[in-house]
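Just below is one structure, and these are the notes that go with it.
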Ligand SMILES: [Zn+2]
């Protein structure tokens with residue numbers, strides 16, 4: 001014991017005097033990557049409050065990124081810290097360069113113009129393109145198909161997912177028309193693959209973007225909106241996603257081997273697990289990926305290779321929670337290898353481990369309930385909100401075609417649809433099986449002055465929609481209306497008129 005403590009002190013001393021790791025004499029804001037020992041969940045929460053960025057937790061050890069100023073405070077508090085193995089292992093020799101990746105994507109897109117379109121969603125801080133490859137039949141047409149996405153390497157020093165995504169692009173394009181399963185995926189799904197979300201960090205073998213920002217800590221989440229301006233790469237991704245309608249996706253990392261599902265953040269800082277309203281589904285989605293991957297599934301640390309985000313550790317500003325909360329989309333965070341940057345010679349084996357998982361997970365976007373939401377009078381496609389009765393989660397139809405794709409576990413469900421200026425609708429029972437999605441097209445009727453029933457009340461949601469359409473106001477009226485809502489979820493017509501009167505008097 002004594003010997004270990006002496007050793008720890010020695011390591012701490014080494015860290016503090018190593019120029020690459022410690023501020024030493026210089027910038028106390030310089031970020032340092034270390035392992036910290038004998039730390040419990042409370043301790044991790046305290047570290048997060050101090051400004052440490054937690055990157056992985058294994059029992060009572062955690063890998064964290066801290067400023068060297070905070071590192072000194074940790075030492076003063078008696079924490080045991082050591083140089084992260086990950087820093088020492090971080091060799092990127094042999095991986096494709098950004099330029100090679102760009103060339104490869106362009107070559108593939110040019111070779112398969114019938115199913116590929118290569119988009120740059122914008123440029124990184126240092127001017128590199130953020131490439132998003134769309135693979136689908138009729139690639140120029142928004143079709144009644146779910147949008148699926150793989151996004152890799154938000155952390156620039158985690159190159160494995162980049163390579164796997166390139167391999168997947170190769171597999172999909174080369175096997176199209178030859179392999180029945182892959183042909184079906186390309187025909188029935190709009191597949192989007194971004195191998196490299198942080199090209200500047202990648203070029204520098206750095207976790208952060210060129211502004212020193214952690215992209216997976218910069219999305220608005222359940223507890224905070226995150227400061228603006230956001231890192232440029234995060235903002236570009238958010239803007240792109242908000243103008244599209246992803247249904248199912250995953251983002252790839254390394255530094256651990258586990259599939260992580262929401263929530264990563266929670267307003268309550270003391271939880272051991274934070275379940276979404278779709279927890280049972282998220283577990284099955286995570287297992288769909290992990291169970292075909294012997295390294296993940298056989299994990300000695302994570303049961304069946306999966307974890308709830310908070311069960312592992314809190315992440316604020318992560319992309320997966322933002323996807324679920326804001327886009328209504330299901331996203332997993334997949335950690336592909338314990339080594340952040342394993343020797344490139346290991347990539348073929350890692351690809352073999354992940355290939356079936358990547359396809360199987362994609363196939364889940366074709367399950368549940370799907371259909372098209374249109375205006376009952378004109379047939380126009382609508383952007384509608386969709387929820388399952390008894391489940392608070394809201395997702396949206398794609399306004400281009402009006403298609404919605406609500407992934408669900410097998411069972412019987414009722415759905416609710418609503419849209420600005422339309423009367424909301426609830427469905428009867430819909431049976432969902434374990435393969436192809438059940439189809440249910442929905443027509444919504446525009447709200448007309450006569451949409452008030454004999455009770456003299458209107459549905460609260462309809463009233464809010466009507467007020468929004470008529471008065472162009474939502475947030476201001478919602479609290480006033482909520483205060484007057486009846487126990488049956490309806491509100492008196494006179495109340496609506498009263499609120500309208502107040503608004504018009506403004
Ligand atoms: Zn990462």
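Values quoted throughout were computed directly from the atomic coordinates according to the rules given, and no laboratory measurement underlies them. What you see is a predicted model, and the numbers here were worked out from it, not measured in a lab. Here the Cβ is made from the backbone with ideal geometry for all residues, glycine too, and neighbour counts use every protein chain on show.
Quick notes on this one:
- Separation of alpha-carbon centers, the stretch 423-442 and the stretch 362-398, rounded to whole Å: 9
- Taking 53, 137, 264 and counting other C-beta atoms within 10 Å, the order from fewest to most: 137, 53, 264
- Prolate/oblate/rounded label for the stretch 369-444 (Cα gyration tensor, a/c 1.5): prolate
- Under the simplified labelling scheme, the residue 99-residue 50 pair shows an inter-label distance of 4.3 nm, with each label point 7 Å from Cα along Cα→Cβ.
- Taking a point 7 Å out from the Cα of residue 73 in the direction of its Cβ, the residues of the stretch 192-214 whose backbone N falls within less than 19 Å of it are 214.
- What separates the Cα centres of the stretch 233-263 and the stretch 313-355 is a distance of 9 Å.
- Rounded, prolate or oblate (a/c below 1.5 giving rounded, otherwise prolate when a/b exceeds b/c) for the stretch 98-365 by Cα gyration tensor: rounded
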